[in-house]
Each structure stands twice: as structure tokens, then as C-alpha cells.
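Novice: One structure coming up, written as C-alpha cells, with questions to follow.
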Amino acid sequence: MGSGEEDTGGGGGAVRGAVLKALVVVGGVLLLRRLRRSTTRWDHARAVADALSGEKFSREQARKDPDNFFNLRMLTCPATEMVDGSRVLYFEQAFWRSPEKPFRQRFYMVKPCPKEMKCDVELSSYAIRDAEEYKNFCDRQKDQRPQAEEDIAEHLTTIHLSRCGRGKRCLYEGSTPPEGFPNNWSGASYCTSDLSIHKNGEVHIWDKGFDDEGNQVWGTKAGPYEFKPAPKSKYDDMFSPLNFSAPLSLEKKLDKAYVIDDQ
């Protein structure tokens with residue numbers, strides 16, 4: 001009887017072991033499926049669109065290096081969604097003290113990279129048919145906004161973003177092709193753009209224009225603009241000289257330091 005009980009116990013242990021192994025296998029499969037679902041091509045596109053959205057400033061950069069950078073406000077918000085699922089964002093930049101007067105306006109179209117390309121997200125910029133009508137688009141009630149899908153004009157640039165490697169601060173990074181895209185602002189013949197999205201909510205943008213001989217004719221030479229999420233109160237340090245509209249002499253410097261209107 002004693003040996004019979006031992007045999008029974010051993011059989012039960014084997015069954016339990018098999019059940020546990022099966023549960024581990026099933027759990028692993030479910031976890032793998034969940035991970036795969038969380039990193040689909042469209043999930044990457046949505047993550048980039050969400051990261052770009054919101055109010056961000058280059059305030060800290062302007063404090064540290066006022067000779068090369070201005071305190072700019074970058075504001076981006078959802079505008080519409082295309083039939084194929086691509087997200088369209090409205091984007092504008094302005095001086096911190098005059099947000100109602102943006103000097104740069106764009107539509108961003110965000111979608112997954114084509115399957116044949118080795119990247120995750122395709123970010124294209126487009127001119128706006130009537131940019132004046134879109135000023136302060138994000139600050140309006142949704143029923144007071146124009147219909148974005150009707151006002152997407154010519155294509156300007158495309159950046160292909162990929163997930164950043166391990167150990168980097170960024171989440172996604174990418175650039176335009178080396179040959180860039182046509183641009184005739186301020187003596188340029190083509191322009192390039194570099195963009196990175198960081199884990200702390202920062203968005204780094206470096207736009208540059210070049211002439212036919214490859215000389216840089218506009219855009220900062222000191223590095224990308226670093227836009228950080230807006231603080232809890234946008235009125236912090238409101239009396240800092242960095243937060244007042246740039247005087248005429250500084251605005252003239254923008255001809256070489258930053259693009260006012262490269263449409």
C-alpha cells in the first residue's frame with residue numbers, strides 16, 4: 001500500500017509539472033502576442049504623432065546659448081485623419097511672447113513607413129493652402145477650425161524615422177535623404193531636416209538650407225533646436241528678456257539662424 005501511494009503521488013506530480021509547463025508556454029505565447037501587438041507599424045506612427053503633439057519651448061536652450069537660439073514656441077495638434085489612417089497634425093512656431101503671430105506653419109502627415117523600407121515611421125510636411133486662416137488653429141474650439149483635408153497643399157519634405165538603439169536618450173530619430181528637398185528660400189536650392197523624439201518629451205529639430213555648391217545659407221549651425229514640453233505654468237519667468245518679442249535687429253539675424261518662411 002505504501003508503495004502504491006508513492007506511485008500515485010509521483011504520477012500526480014508529473015501531471016502537475018506538465019500542467020505548469022503548459023501554462024508557462026501558453027503564457028509566453030500570450031505575452032509575445034501582446035508585445036507584437038504593441039509594436040505594430042501603426043502603433044509606431046501613433047506614438048510619433050502623440051509625441052509631436054502639444055506645446056513645447058526652446059526656453060532652456062535660449063538661456064544657455066542666446067547667440068544661436070531664440071526662445072520659440074512650438075505648438076502641434078491633431079488636424080484630421082486620412083482615409084488610409086494617416087494622421088495629419090497642424091504645426092506652428094512663434095516667438096514665446098507673440099504666439100498669435102506664428103512665423104512658420106505646416107501640416108505634418110504621420111504614417112508607417114512602406115514595408116519595403118527599413119524604417120518605422122514616415123513624417124511628411126506639407127504647405128497650407130491658406131496659412132493665414134490656420135493661425136492659432138490649436139487654440140480654437142474644434143467646431144471653429146477649418147477642414148484640414150481640404151487645405152493640404154504641396155509636399156515639402158519627408159523624414160523617415162526609426163526606433164533609437166538601446167542606450168540612447170531618444171525614442172525615434174531620422175532625417176531627410178542626403179540630397180534633401182527643393183527649397184528656394186534665402187538663396188537655397190535644397191534643404192535637409194533632422195528630427196529626434198526623446199523619452200523626456202523633447203523634440204529636436206534641425207532644418208538647414210544649402211545653395212548649389214553645398215554651402216549652408218540658412219538654419220542654425222550650432223545644432224538642432226531643442227523643444228521641451230511646456231511647464232505647468234506658461235507664465236513662469238514671464239519677465240525674462242528671453243520671453244519678449246525679438247527686436248528688429250534680432251529678427252534680422254533670423255535670416256541666417258532660423259527659417260521664417262521657407263514655403
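Novice: Only one of GLU202, GLU251, GLU226 is at pLDDT below 90, closer than 23 Å to ARG73 by Cβ and acidic (Asp, Glu). Can you tell me which?
Specialist: Working: GLU202 fails: at pLDDT below 90; GLU226 fails: at pLDDT below 90.
None of the others qualify; the one that does is GLU251.
Novice: Of all the residues that make up segment 189-210, how many are over 21 Å from THR158 (Cβ atoms) and open to solvent by 30 Å² or more (accessible area, probe 1.4 Å)?
Specialist: Residues meeting the conditions: 2.
Novice: Surrounded by 20 or more Cβ atoms within 10 Å (Cβ to Cβ) and either under 22 Å from GLU173 (Cα atoms) or acidic (Asp, Glu) (or both): which single residue out of PHE91, PHE70 fits that description?
Specialist: PHE91
Novice: I'd like the full set of residues that are among the charged types (D, E, K, R) and either open to solvent by 60 Å² or more (accessible area, probe 1.4 Å) or not in a strand (DSSP E or B) (or both), limited to segment 214-232.
Specialist: LYS221, GLU226, LYS232
Novice: Pairs under 9 Å by beta carbon, first residue at positive phi in segment 186-200, partner outside any helix (DSSP H, G or I) and buried (at least 16 other Cβ atoms within 10 Å of the Cβ), six or more apart or different chains?
Specialist: Filtered contacts from segment 186-200: SER186/GLY209; SER186/VAL217; SER186/TRP218; SER186/VAL259; SER186/ASP262; GLY187/GLY209; GLY187/VAL217; GLY187/TRP218.
Novice: Scan (1) of a type outside the set (A, V, I, L, M); (2) in a helix (DSSP H, G or I); (3) open to solvent by less than 40 Å² (accessible area, probe 1.4 Å) for the single condition ARG46 breaks and write down its number.
Specialist: (3)
Novice: When the residues of segment 49-61 are narrowed to those that are within 12 Å of LYS228 (Cα to Cα) and among the small types (Gly, Ala, Ser), which ends up surrounded by the fewest Cβ atoms within 10 Å (Cβ to Cβ)?
Specialist: GLY54
Novice: Which one is nearest to GLU122 (Cα to Cα), of the residues in segment 163-180 that are surrounded by fewer than 17 Cβ atoms within 10 Å (Cβ to Cβ) and not basic (Lys, Arg)?
Specialist: If we take residues in segment 163-180 being surrounded by fewer than 17 Cβ atoms within 10 Å (Cβ to Cβ) and not basic (Lys, Arg), then SER175 is nearest to GLU122 (Cα to Cα).
Novice: Where residues in segment 167-188 are outside any helix (DSSP H, G or I) and hydrophobic (A, V, I, L, M, F, W, C), which of them is modelled with the lowest pLDDT? First the steps, then the outcome.
Specialist: Let us first name the residues in segment 167-188 that are outside any helix (DSSP H, G or I), namely 167-184, 188.
Filter again for hydrophobic (A, V, I, L, M, F, W, C), leaving 170-171, 181, 188.
Numbers: CYS170: 95, LEU171: 96, PHE181: 95, ALA188: 92.
Applying the filter and picking the extreme gives ALA188.
Novice: Also: Take GLY85 and decide whether it is surrounded by fewer than 20 Cβ atoms within 10 Å (Cβ to Cβ), within 15 Å of ARG46 (Cα to Cα), out of contact with any strand residue (DSSP E or B) (no Cβ under 6 Å at 6 or more places or on another chain) and at pLDDT below 95.
Specialist: yes
The values are calculated or read from the model by the stated rules, or taken from the named source; none is laboratory data. Since this is a predicted model, take the numbers as computed values, not measurements. All Cβ positions, glycine included, derive from the backbone under ideal geometry; neighbour counts span all protein chains shown. Keep in mind that these areas ignore ligands, DNA and RNA; they rest on the heavy atoms of the full protein, side chains included. Shrake-Rupley method; radii C 1.70, N 1.55, O 1.52, S 1.80 Å.
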